[in-house]
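These notes concern the structure reproduced below.
Just so it is clear, none of the values below were taken in a lab; they were calculated from the coordinates. Keep in mind it's a predicted model, so treat the numbers as computed, not measured. Positions of Cβ are generated from backbone atoms using ideal geometry, with glycine treated the same way; all protein chains shown enter the neighbour counts.
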Amino acid sequence: MSVTVRVPAKVNVQLAVGPARPDGFHDLANVFLAVGLYDEVTVTPSPGGLRVTCDGPDAGQVPLDRTNLAARAALALAERYGRTPDVHLHIAKDIPVAGGMAGGSADGAGALLACDALWRTGASREELLDICAELGSDVPFSFVGGAALGTGRGEKLQPLEVGGAFHWVFAMAGRGLSTPAVFREFDRLGEGTNIPAPVASQELLDALAKGDPDALAATVSNDLQPAALSLFPELAGTLAAGRAAGALAALVSGSGPTTAFLARDPESAAAVAGALRTSGTCRSVRTATGPAPGATVIRNDRSQTFFA
């Protein structure tokens, strides 16, 4: 008896960051786009108690204890509905680890939906999203997918219209970056300056709605990029290589260190990816299209349902 859920990676096409709040978080205007790189989380009963396993690229970097967001999701749902969290969570990893693409958040969202289906809690979508928000700022978007504007610390979502497919190339760096460290560097770099309240760009929202890659390229932005480059200066070479290969736009994805390149069409994306692979500036390269669906049950042995 098992349930498998597929969950997407994300790219931030706009990440506007406000000053640090008293609670240590930052208000954001975070325009998320889910892209077709996926982790799969499979949940099965485990009489011996909660355990986590993982395979796939960079699986050795994934924590297998209760700090893992998938484990925390199972524990949170079990506590809310009076269940014993005796489950085995297996993560088939394909989203880069510590790459600014919300791989850990995706696993949390996937585990939450999978455990809900396995246990048949009857939780509403709103209840599940409440738990997502408790787990982390990016977890609610991993659950819903598509495109959305995240405000607050990113957990308050407004779905956005997208008028077509956008083609992306992602370059994985040779090491990770800590999101808290990047935010601390953002605060350090901004010390003594007047950091404005974050606001979503209407031009960017219009470009998404029209499905216009050229207009989107002219409006993408990431306020965390200077901090990520300060901590990881080599990323500048990767960004330059992608631009030189014809990318319409190049930016650090979220807190990094993955870099994201917007291409006009699949052929352009393939050309950019090929150039980056031979540039010597990154560890690996992937292509993906967005928007992609959020957390989705693809196998449910309880009801004998299977999805491609």
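Details
- With a Förster radius of 41 Å applied to the beta-carbon distance between THR67 and SER201, the computed FRET efficiency rounds to 0.70.
- Over the range 137-233, Cα pairs under 8 Å with separation of 6+ residues give a relative contact order of 29 percent.
- Cα centroid separation, the range 241-257 to the range 156-190 (Å): 11
- Across the chain, the mean sequence separation of Cα contacts (distance under 8 Å, 6 or more residues apart), normalised by length, yields a relative contact order of 27 percent.
- Cα-based helix-to-principal-axis angle, 69-81 vs the chain, degrees rounded to 10: 40
- Across the range 166-289, the convex hull enclosing all Cα atoms gives 101 Å³ per residue.
- Per-residue ellipticity at 222 nm from helix content only, as computed over the chain with -39500 (n - 2.57) for each DSSP H run of at least four residues, stands at -9500 deg cm²/dmol.
- Relative to the dominant Cα principal axis of the chain, helix 103-119 is inclined by about 20°.
- Relative to the current alpha-carbon distance between ALA20 and SER221, full extension at 0.36 nm per residue lengthens the span by 70.4 nm.
- Normalising the average separation of contacting C-alpha pairs (under 8 angstrom, six or more residues apart) by the number of residues puts the relative contact order of the range 166-289 at 43 percent.
- Net +/- balance of residues flanking ALA171 in space, Cβ distance below 15 Å, scoring K and R +1, D and E -1: +3
- Summing Lys and Arg as +1 and Asp and Glu as -1 over all other residues whose Cβ lies under 14 Å from the Cβ of PHE183 gives a net charge of -3.
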